[in-house]
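Asks: Handing you this structure, nothing more for now.
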Amino acid sequence: MSYRGRFAPSPTGPLHFGSLVSALASWLDARAHHGAWLVRIEDIDRPRTMPGAAEDILATLDQFGLRSDEPPVWQSERTARYQQALDQLRDAGLVYPCGCTRKEISDSLLNAHARNTTLTYPGTCRNGLHGKPARAWRLRVPDGEEGGDAGETPAWDAARNLGEPPTGKAKAEHAGNTRRSVAGQSAGATAGKAGKAGTAGGDATAKTALDADRDVAGNVVEDAVGITERATATITFDDRWQGLQTQNLATEVGDFVLRRADDQWAYQLAVVVDDANAGITHIVRGADLLDSTARQIYLQRCLGVPTPTYLHIPVVTNSDGEKLSKQTGATALDATRPLDALHAAARHLKLDVKVDGQKHTSLESFYDAATKAWARRFK
């Protein structure tokens with residue numbers, strides 16, 4: 001399977017140093033593997049999107065010599081795909097409408113889970129809205145450790161181990177096998193089931209009926225079976241930088257949102273659908289997203305799409321130890337001095353790119369040295 005990586009900035013402001021580090025790391029990994037590097041503009045969160053920021057980000061990347069190998073993709077143009085995925089999950093009986101507010105969730109917990117500001121959802125609306133209006137759509141996660149081995153989920157075919165790409169013969173079979181989509185446990189969960197999952201706010205324009213013979217990634221569906229009996233709440237994957245990671249979705253996250261109460265598509269759904277459609281095989285991104293990975297792996301399994309290999313780099317922090325971001329005062333990159341910023345980014349990634357202790361004087365020589373340094377460490 002050919003390597004395909006990506007960089008997915010959110011256009012909430014100009015490109016800053018923290019984003020440059022992520023862009024550089026993902027670009028270097030793609031080049032070290034002789035693969036493709038794509039850019040996706042994650043503008044699905046409309047209230048946070050700044051007009052003109054996407055174009056500014058792409059222009060800055062170009063000035064730094066970081067150019068997508070394919071035309072950039074905008075999430076805001078892909079809402080029909082997200083609706084298709086939600087419909088697929090609803091037909092499988094894996095999602096349900098939720099009427100809870102954040103305050104209600106917090107008040108219902110004796111010990112609110114604070115990891116990455118995620119509140120563990122207690123499952124209040126699993127068995128009905130109890131008279132509340134529907135606000136959001138949630139994906140049901142397995143209870144506890146029901147069903148045992150995560151590798152038993154049928155959507156995986158040859159790739160049995162979460163987060164670990166198949167190798168050798170299994171890799172070839174994984175690449176060539178038809179992906180299986182999961183269908184519902186109930187007798188009514190069929191491809192022709194009436195009544196697709198609507199939006200919490202009633203937006204009918206985004207609805208697209210799911211092709212009965214294909215899953216969200218466009219792969220042929222066959223031998224569809226339910227996953228809830230054999231799924232496990234504990235997701236384990238091997239991160240190429242951070243090492244072995246484990247998260248129990250039932251106790252640490254709970255049923256999570258795919259369509260938000262403000263009628264926006266949730267990040268978890270959009271990123272999984274987009275990565276599957278683009279055929280992404282390797283994801284290199286900041287460690288602030290490490291906590292989201294188990295949810296994304298579980299969602300990939302539910303949709304019957306392959307799981308990429310993950311690498312989460314250390315985040316850049318400010319003087320107060322906070323992640324560098326637009327919200328914590330990150331300033332725009334100086335596009336007139338790209339080499340200074342690139343050398344600093346290489347240092348953050350622990351790459352020795354200098355020649356005889358001297359900095360590079362051209363982008364070409366910098367990227368050549370940086371790619372070789374990355375390949376020595378990660379290829």
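The values are calculated or read from the model by the stated rules, or taken from the named source; none is laboratory data. Since the model is a prediction, treat every value here as computed from it, not as a measurement. We place every Cβ from the backbone using ideal geometry, glycine too, and count neighbours over all the protein chains shown.
Asks: Against the definition (at pLDDT 95 or above and in a helix (DSSP H, G or I)), how does Arg31 come out, yes or no?
Replies: Criteria met by Arg31.
Asks: Would you please name the residue that is surrounded by the fewest Cβ atoms within 10 Å (Cβ to Cβ), looking only at residues in the range 89-137 that are of a type in the set (Asp, Glu) and modelled with pLDDT under 75?
Replies: Among those residues, the one meeting the criterion is Asp107.
Asks: Are there any helices (runs of 4 or more DSSP H) wholly within the range 234-328 with 3 or more residues that are at pLDDT below 95, closer than 20 Å to Ile44 by Cα and outside the structural domain of Leu139 (by TED's automatic domain parsing), and if so which? First the steps, then the outcome.
Replies: Values: elements: 249-252, 267-278, 290-303.
Passing ranges: none, list empty.
Asks: Limited to the range 329-369, what total is found for residues that are part of a loop (DSSP other than H, G, I, E, B) and surrounded by fewer than 17 Cβ atoms within 10 Å (Cβ to Cβ)?
Replies: Final tally of qualifying residues: 14.
Asks: Which is under 18 Å from Val272 (Cβ atoms), touching an Asp or Glu at 6+ places or on another chain (Cβ under 6 Å) and not hydroxyl-bearing (Ser, Thr, Tyr), of Leu38, Leu86?
Replies: On inspection, the qualifying residue turns out to be Leu38.
Asks: Restricting to the range 1-28, give me the number of residues that are within 19 Å of the chain's Cα centre (by Cα) and part of a loop (DSSP other than H, G, I, E, B).
Replies: 6
Asks: Here is a list of conditions, (1) more than 20 Å from the chain's Cα centre (by Cα); (2) modelled with pLDDT under 90, and Leu162 meets all of them except one; can you say which number that is?
Replies: (1)
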